[in-house]
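The values are calculated or read from the model by the stated rules, or taken from the named source; none is laboratory data. Values in this document were obtained by computation on a predicted structure and should not be read as measured data. Please note: Cβ atoms are built from the backbone with ideal geometry, for glycine as well, and neighbour counts cover all protein chains shown. Heavy atoms of the whole protein, side chains included, go into the accessibility calculation; ligands, DNA and RNA do not. Shrake-Rupley method; radii C 1.70, N 1.55, O 1.52, S 1.80 Å.
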Amino acid sequence: MNRKLKIILLAAGVTITPVLLSPLPRFRSPLSTVIEARDGTLLGARIADDGQWRFPGRDEIPDKFEKAILTFEDRWFYYHPGINPVAIVRAFIHNFKAHRIVSGGSTITMQVARISRGGKSRTYPEKIIEMLAALKLELFSSKNKILLMYTTNAPFGGNTVGLEAAAWRYTGKSASELTWAEASALAILPNSPALVFPGRNQEILRSKRNDLLRRLYEREYFDSLTLILSVDEPLPGEPKTLPSLAPHLTDYFFKKNKGARIKTTIDPILQQRVTEIINTHQKDLENNFIFNSACLIVEVETGNVLAYAGNSTLEDAINHGGNVDIIRSLRSTGSILKPILYAGMLQSGDILPNSLVADIPTRFPGFSPKNFDQSFSGAVPAGSALSQSLNVPAVKMLQKYNPEKFLDLLKKTGFTSFRNPADYYGLSMILGGGEISLWELTGTYASLSRVLKRYNHEKKYFKNDYHPPVIIEPSDTVIKKVEEPVPPLSASAIWLTYEALQKVNRPESEAGWQYFASSPNLAWKTGTSFGFRDGWAVGTTPDYVAGVWTGNADGEGRPGLTGTSAAAPILFDIVSLMGSQTWFSSPDEDLTMIRVCSKSGFRAGADCPETVEIPASINGLRSEVCPYHKLIHLNLSKTLQVTSECASANDIINIPWFILPPAMEYFYRQKHPEYKVLPPVSPGCSAGRNIQVMEFIYPTQGIKIFIPRDQEGKRTRIIPEVAHRNPSKKIFWHLDDSYVATTRSIHQINIQAEPGNHILTVVDEDGNSLRCSFAITGKPVDGGF
């Protein structure tokens with residue numbers, strides 16, 4: 001190796017070694033949390049831990065700002081290796097003449113190095129370090145990445161760092177939307193942010209901006225008209241308040257993804273309108289001291305969240321739990337889960353759409369359900385029980401379906417908050433014994449609607465269709481569909497449930513339901529929790545699901561706080577906002593026609609005189625045959641019941657008769673004057689053995705009863721009750737074979753019994769008898785069966 005080459009290599013080593021040993025600029029400062037809508041609109045942001053508005057960087061730099069910053073700061077950026085020797089020499093001369101540092105001669109790459117070191121004081125040793133770091137950065141990074149580092153971390157005055165934060169704080173818009181005048185004004189700030197901070201020293205800022213605009217015009221970036229208009233544009237003023245379109249969603253991601261930029265699926269316009277609707281109704285609700293409300297809108301096809309109003313945003317909301325994100329909070333369900341039970345029973349064949357369900361006084365250990373209006377109908381079609389949100393029939397249905405089976409269905413359809421076994425919730429599960437969130441409620445209904453739509457389109461079921469709402473903008477990755485032979489709920493069960501939910505007919509005691517009767521293309525359900533603490537409303541169309549909650553975040557109940565009066569008005573204003581929709585197509589391939597009894601709704605039997613065909617789930621073919629039509633024997637005038645024991649065959653006619661059990665009949669006939677009671681039994685004849693004359697309303701067979709003590713320490717009494725087809729008949733009561741009392745018309749007594757097993761026997765004046773076994777316990781019995 002010749003001497004000349006050695007000198008060259010030595011010189012190169014001396015030059016390169018300091019560069020390689022110098023620190024590579026890195027940025028570890030905390031970042032702000034930034035939440036964006038699907039179109040990039042800023043929904044909200046939270047300041048970084050160090051008190052700076054420092055937004056996470058983007059992958060691209062807006063063209064206008066790039067041209068402005070390079071023209072103003074470093075027009076040779078794409079040509080120099082990180083340092084500009086001409087600029088450095090010129091700066092040295094200026095500083096020497098001024099006897100102080102007045103110019104740094106820094107390139108953008110050198111400024112990146114200086115910012116990464118915390119903006120240390122300007123000294124010649126520090127300048128050398130910056131130059132070495134800049135050279136190294138150029139070796140290991142692209143020009144575009146270096147420029148991105150600069151625009152993300154450059155100071156823009158006050159506690160504003162980075163272009164994106166500066167654009168929103170000074171202009172109220174994204175950096176990509178800046179005008180030439182705005183881009184030029186912002187390009188000047190990093191050079192001397194303290195001197196030309198917007199809101200002060202306006203003339204200096206205006207002079208620098210206009211000078212930069214002229215230089216941009218000279219470089220033919222825009223025409224003369226644009227120059228004239230840009231020069232006349234006002235300067236950015238003092239920092240603006242950042243948008244806060246979804247504060248509760250912003251808080252959620254601030255806790256979960258601090259320092260990240262989150263692009264959500266939110267529609268910013270819809271978000272703003274929904275927030276306005278919530279706040280408008282909230283003003284009225286506050287007259288009844290109801291201070292909180294929330295709404296979630298989910299697109300059916302994708303599951304994308306279109307609007308997320310976690311709570312009211314009125315000025316005084318913060319004083320009444322307004323900072324609580326209700327959408328994610330667990331609240332008592334009320335009756336909002338009844339459609340899931342109805343659909344499950346349709347699918348399993350336990351009921352048909354309008355099978356009669358008992359609606360009579362019902363007591364379980366530690367649990368006595370009541371309808372909202374405190375009345376009983378005796379028997380109601382299952383679909384009507386759902387649309388009228390009757391509690392007693394719902395409990396009867398759950399008892400038949402089985403709580404454990406229902407809990408499994410809830411979990412499969414999307415509810416994760418039921419963490420205890422079925423015995424913990426018991427039958428109260430259908431009336432608010434468990435808790436759910438508005439997030440999961442709306443997501444589950446969206447999943448059900450998605451299943452129905454997908455089946456109508458592809459005639460298949462997919463596991464992927466059951467999933468929570470999607471709030472983060474999904475990637476372009478195609479998710480493989482996984483077929484599901486047996487879905488949690490079939491398309492037919494979902495469609496029949498939605499058909500029932502279209503036929504809303506709320507009790508008059510829930511004032512205002514008539515207001516909603518004009519929305520035919522919406523399946524909707526309300527719910528009210530015990531103590532009037534939670535008002536729910538959820539509605540679905542083929543395109544979207546809207547869920548609404550109203551109440552108080554602290555759980556305080558209020559008279560009149562019901563799903564219909566408080567939550568449903570918000571729901572229907574949102575439905576009106578979304579516009580009219582078409583309805584779901586019927587899943588004909590998953591439906592079958594079944595002939596049912598016109599009066600009972602059960603599968604028609606041989607004794608049903610009037611029948612009709614209805615669409616039902618295929619398993620409905622296995623449903624129970626009508627149990628209420630029986631063949632009775634009457635005399636020729638049809639006024640008395642007779643048997644072969646007291647009448648000849650020629651004097652007997654056989655007629656099918658609609659006969660409800662005594663307890664159901666007692667209440668049913670009060671609301672159905674057309675109901676025909678059985679004719680009396682002819683003297684000398686006995687009643688038909690297959691026709692029940694009496695029925696215990698309370699106690700029920702095998703029940704365990706806890707009898708509390710009164711204030712004096714004495715055991716309180718139980719009040720047995722019996723329904724008789726002919727209330728005027730006398731009934732004789734016996735407890736454990738000891739006579740207790742006689743009743744007529746109102747067959748109800750009160751008795752006192754010691755702990756242990758007992759048998760209650762009743763005998764009417766015609767000799768008909770009925771027995772019921774029950775037990776008195778010394779300690780409370782958990783609710784359940």
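Could you work out how far the C-alpha centroid of segment 214-257 sits from that of segment 659-683, in angstrom? For segment 214-257 versus segment 659-683, the Cα centre distance is 77 Å. Just round it to a whole percent: the fraction of Cα-Cα distances in segment 721-782 exceeding 16 Å. Of the Cα pairs, 46 percent sit more than 16 Å apart. Here's the picture: charge each Lys and Arg Cβ at +1 and each Asp and Glu Cβ at -1 in the chain, and of GLY157, ILE776, GLY378 the one pushed furthest to the positive end of that dipole is GLY157.
Report the one residue of ALA606, PRO81, PHE530 whose Cα lies farthest in the direction of the positive end of the charge dipole of the chain (charges on C-beta: Lys and Arg +1, Asp and Glu -1; origin at the Cα centre). Projecting each Cα onto the dipole axis, the largest value belongs to PRO81. About its Cα centre, the dipole of segment 579-635 is roughly 280 debye, where the only charges are +1 on Lys and Arg Cβ and -1 on Asp and Glu Cβ. If R0 is taken as 60 Å, the Cβ-Cβ distance between ASP423 and LEU235 corresponds to a FRET efficiency of 0.30.
Counting pairs of Cα atoms in segment 259-338, how many percent are more than 17 Å apart?
55 percent
Checking the Cα-Cα distances for LYS405/LYS671; LYS405/LYS704; LYS256/LYS460; LYS256/LYS283; LYS460/LYS503; LYS671/LYS704 against a 26 Å cut-off, the pairs over it are LYS405/LYS671; LYS256/LYS460; LYS256/LYS283; LYS460/LYS503; LYS671/LYS704. Each principal axis of the Cα cloud of segment 148-228 was evaluated for its coordinate range; sorted largest first, these ranges are 35, 26, 22 Å.
Dividing the alpha-carbon radius of gyration of segment 617-705 by the rule-of-thumb value 2.2 N^0.38 Å gives 1.35. For segment 110-190, the fraction of C-alpha pairs farther apart than 14 angstrom is 65 percent. If you bin all the Cα-Cα distances of segment 352-421 at 5 Å, starting from zero, the percentages per bin are 3, 16, 23, 20, 19, 13, 5, 0. Only lysines eight or more places from LYS173 in sequence, or on another chain, were considered; those with a Cα closer than 20 Å are LYS64, LYS67, LYS240, LYS263.
To the nearest µm²/s, what D does Stokes-Einstein give for the chain at 20 °C and 1.002 mPa s, using the Kirkwood radius over alpha carbon pairs as Rh?
D, rounded to a whole number, is 66 µm²/s.
For the chain, what is the charge dipole size about the Cα centre, in debye to the nearest 20, if Lys and Arg each add +1 at the Cβ and Asp and Glu each add -1 at the Cβ?
For the chain, the charge dipole is close to 3120 debye.
For segment 240-292, the normalised intensity computed at q = 0.18, 0.19 Å⁻¹ comes to -0.76, -0.81 (log10 of I(q)/I(0), Debye sum over alpha carbons, equal scatterers, no solvent).
Evaluate the distance, in nm, between pseudo-label points positioned 7 Å from the Cα of HIS734 and of THR179 along their respective Cα→Cβ axes. Label-label distance for HIS734 and THR179, simple model: 10.0 nm.
Among beta bridges identified by DSSP and lying wholly in the chain, the antiparallel ones come to about 90 percent.
Heavy-atom accessible surface of GLU613, to the nearest 10 Å², is about 100 Å², with a 1.4 Å probe and all protein chains retained. Of the peptides 211-223, 563-575, 669-681, the ranking by mean beta-carbon count within 10 Å, highest at the top, reads 563-575, 211-223, 669-681. Taken over segment 512-639, the alpha-carbon convex hull comes to 206 cubic angstrom per residue. With a simple spin-label model that places each label point 7 Å from the Cα along the Cα-to-Cβ direction, the separation between ILE653 and ARG206 comes to 10.5 nm. Considering only Cα atoms, the convex hull volume of segment 197-280 works out to 198 Å³ per residue. Can you give the accessible area of ASP534 in Å² (nearest 10), computed on protein heavy atoms with a 1.4 Å probe? Rounded to the nearest 10, that gives 10 Å².
Counting Lys and Arg as +1 and Asp and Glu as -1 over every other residue whose Cβ lies under 14 Å from the Cβ of MET593, the net charge comes to -2. Computed from label points 7 Å out along Cα-Cβ, the spacing between MET593 and ILE472 is 5.2 nm.
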